[in-house]
Amino acid sequence: MTGPYLADHGDGGYRVAHYDLELDYKPHTGRLAGRATLSAVATGPCARVVLDFGTLTVSRVLVDGRPARHVHGGGKLRVRPSRPVDGPFTVEVRYSGVARPVRSRHWGELGWDQLTDGALVASQPIGAPSWFPCNDLVRDKATYRVSVTAPSPYAVLANGVPVERRTGGSSTTWVYEQAEPMATYLASVQIGLYERLPLAVGQDVAVPARLLRAAKHDFARQPRMMAVFEELFGPYPFRTYQVVVTDDELEVPVEAQGMSVFGANHVDGRRGHERLVAHELAHQWFGNSVGLADWRDIWLNEGFACYAEWLWSERSGGPAAQAHAARAHARLARLPQDLRIGDPGVANLFDDRVYQRGALTVHGLRTRLGDAAFFGVLREWTATHRHGAATTSDFVALAQRHTPEPLTAHFRSWLAEPRLPPM
C-alpha cells in the first residue's frame, strides 16, 4: 500500500474549525481581493503554521491579532507567529490579485476560474488554494461563512444558507453560512447573470435566462429524485440544495457541498443528462456529508454516486440496476485489467473504471445481502459518518455487521485485485 495520497497538501499539526472569507470580485478584470480568517486548533506546540495558498499576493498576516512573519511561494504560505501557538488560535490573511486556477499534473486547471461572464469554482481535489488560504487536507472539515461582493447585476451563490444581501452603490454583497463541516475542495463560489428557478422547498436552480425553459424541464424530476434518495440513503444531510447551470460549457458537472454545477451543454430540454443530475445529488450523501479520510478511497464517493444513477433509473421506469451492471461489466471487460480501485494511485483518481467498478462493487454487495439489509447498510453508513470522514475499512466493517456471510473475499476481489471479477 502506498502512503497518504496528496501528502504535499495540508498540515496535520493543526485542524481548522471555521473559515470566515470576505471576498470582493471584479468579473471583467478577474481581480479578487480577500480577507480570510481561520479559527484553528494546534494539536501541540507549533512554531510555524503552513497554509496551502496559490499565486494571489499576500499583503498582511496576523496570528491571534498580532502581525506575523510569513513566506509565500510554491503553493505554500509559511507563517511564523511571534510566539508558538498551542491549542486554539486564529490566522488572518489579506490578499489580492487576479484569481487563477491551480495547475495540476493530472487533472488540468482546478479552482477559481473565470467564465465568459462571471466565475466558477471547481476545486476537486486540490483547487481550493487558488482562492483562499487553507489547510487542504480532505479529512479536515470546517464550518464556513463566505461574504462575496460583486457588481449588482451578478448573482452570487456559495455553500450553505444565504443570511444577508446588501446593496451599496453599484455592488451587492452576498453572505452565506455553511454550518455543516465541509472539506476545502467542496467550498465553492459561483458568480454569473443567473435567474432563479425554484423546484421545491430548499431546492433551486440558478440558470441563464436563455436556458430557463430547458432547465425547468430537465430538473423537474429532481424533487422526486430527492425523495427517492432520502428513502434509500437516509435524510438529506444539508439544509438546502442549489443547482447552478453556467452559461459556458463544462466537460463534466461538479459537486460542491449543498450545490452542484452543470454546464450549458448538460441542459438540452430532453432530460438527456438526467443520470448526471442523480449522480451529483447522490454526492451530497456520499462524498460531501460522508467524506473521505484519504483520497485513496475515492471509490466510496464515485462508486456510490454512479450506483445512484442506476437506482434512479430503476425507480423512474428505466432499466433495472442489474441491467446497468451487466452493461458496465461488459465495458470494463474490454478495458485493461491493471487498476486496483481501492488504491488506484493519484493519477487514476478519476479514471472511469473507478466509477464503474465501484458501482459494481456496490451492486455485488446488494446481491449478496438482499435489498432490506443492503439499504440498511447505506442508511447506517450515512447516519454513522454524517458530516465526518471515513475509510474503506470502516465501510467493510459496517457491511459485515449486517450479514453472517464473510465479505472479505468480495471486497478484496473488487477493490484490491486488478483482474475484473465475474458478475
**Study point:** Count - residues of the stretch 100-137 that are assigned to a strand (DSSP E or B), free of Cβ contacts under 8 Å to residues at least 60 places away in the same chain and on the phi < 0 side of the Ramachandran plot
**Key:** 6
Review point. Do we have Phe262 as of a type outside the set (Val, Ile, Thr), free of Cβ contacts under 8 Å to residues at least 24 places away in the same chain and within 18 Å of Ala158 (Cα to Cα) here?
Key: yes
Review point. So which of Thr184, Thr172 ends up being without any contact (Cβ under 8 Å) to a residue 24 or more places away in the chain and under 18 Å from Gly34 (Cα atoms)?
Key: Thr172
Review point. Here are some residues: Gly97, Gly75, Gly65, Gly87. Which one is more than 23 Å from Asp247 (Cβ to Cβ), in contact (Cβ under 8 Å) with a residue 60 or more places away in the chain and small (Gly, Ala, Ser)?
Key: Gly97
Exercise for review: Restricting attention to the stretch 80-99, report how many residues are outside any loop (DSSP other than H, G, I, E, B) and either more than 18 Å from Val41 (Cβ to Cβ) or not assigned by TED's automatic domain parsing to the domain that holds Thr55 (or both).
Suggested key: 6
Exercise for review: Within the stretch 149-163, work out how many residues are in contact with a Ser or Thr (Cβ under 7 Å, 6 or more places away or on another chain) and in a strand (DSSP E or B).
Suggested key: 5
Exercise for review: Looking only at the stretch 216-226, decide whether some residue is surrounded by 19 or more Cβ atoms within 10 Å (Cβ to Cβ), of a type in the set (A, V, I, L, M, F, W, C), within 23 Å of the chain's Cα centre (by Cα) and not assigned by TED's automatic domain parsing to the domain that holds Arg379.
Suggested key: yes
Review point. What about Val156, is it in the same structural domain as Arg78 (by TED's automatic domain parsing), over 29 Å from Phe89 (Cβ atoms) and crowded, with 23+ Cβ neighbours inside 10 Å?
Key: yes
Review point. What do you reckon, is Phe233 more than 30 Å from Thr391 (Cβ to Cβ), among the hydrophobic types (A, V, I, L, M, F, W, C) and touching a residue at least 24 places away in the same chain (Cβ under 8 Å)?
Key: no
Review point. Of all residues in the stretch 27-47, which are surrounded by 16 or more Cβ atoms within 10 Å (Cβ to Cβ) and part of a loop (DSSP other than H, G, I, E, B)?
Key: Pro27
Review point. If you scan the stretch 238-262, which residues turn out to be surrounded by 19 or more Cβ atoms within 10 Å (Cβ to Cβ) and of a type outside the set (Val, Ile, Thr)?
Key: Phe238, Tyr241, Gln242, Pro253, Glu255, Ala256, Gln257, Gly258, Met259, Ser260, Phe262
Practice item. Return a yes/no flag: does the stretch 189-199 have any residue that is in a helix (DSSP H, G or I), at pLDDT 95 or above and within 18 Å of Glu274 (Cβ to Cβ). Key: no
Review point. Any chance the stretch 2-21 includes a residue that's basic (Lys, Arg) and either more than 19 Å from Gly127 (Cα to Cα) or not in a strand (DSSP E or B) (or both)?
Key: no
Review point. So which residues in the stretch 287-311 are touching a His at 6+ places or on another chain (Cβ under 9 Å) and of a type in the set (Phe, Trp, Tyr), if there are any at all?
Key: Phe304, Tyr307, Trp310
Check your understanding: Of the residues that make up the stretch 168-184, is at least one of a type in the set (Val, Ile, Thr), in a loop (DSSP other than H, G, I, E, B) and either closer than 25 Å to Leu56 by Cα or not assigned by TED's automatic domain parsing to the domain that holds Gly202 (or both)?
Key -> no
Practice item. Kindly check whether there is at least one residue in the stretch 126-149 that is more than 22 Å from the chain's Cα centre (by Cα) and at pLDDT 95 or above. Key: yes
**Study point:** Within the stretch 56-75, tally of residues that are surrounded by 17 or more Cβ atoms within 10 Å (Cβ to Cβ) and not aliphatic (A, V, I, L, M)
**Key:** 3
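The values are calculated or read from the model by the stated rules, or taken from the named source; none is laboratory data. Because the structure is a prediction, the values reported are computed rather than measured. All Cβ positions, glycine included, derive from the backbone under ideal geometry; neighbour counts span all protein chains shown.
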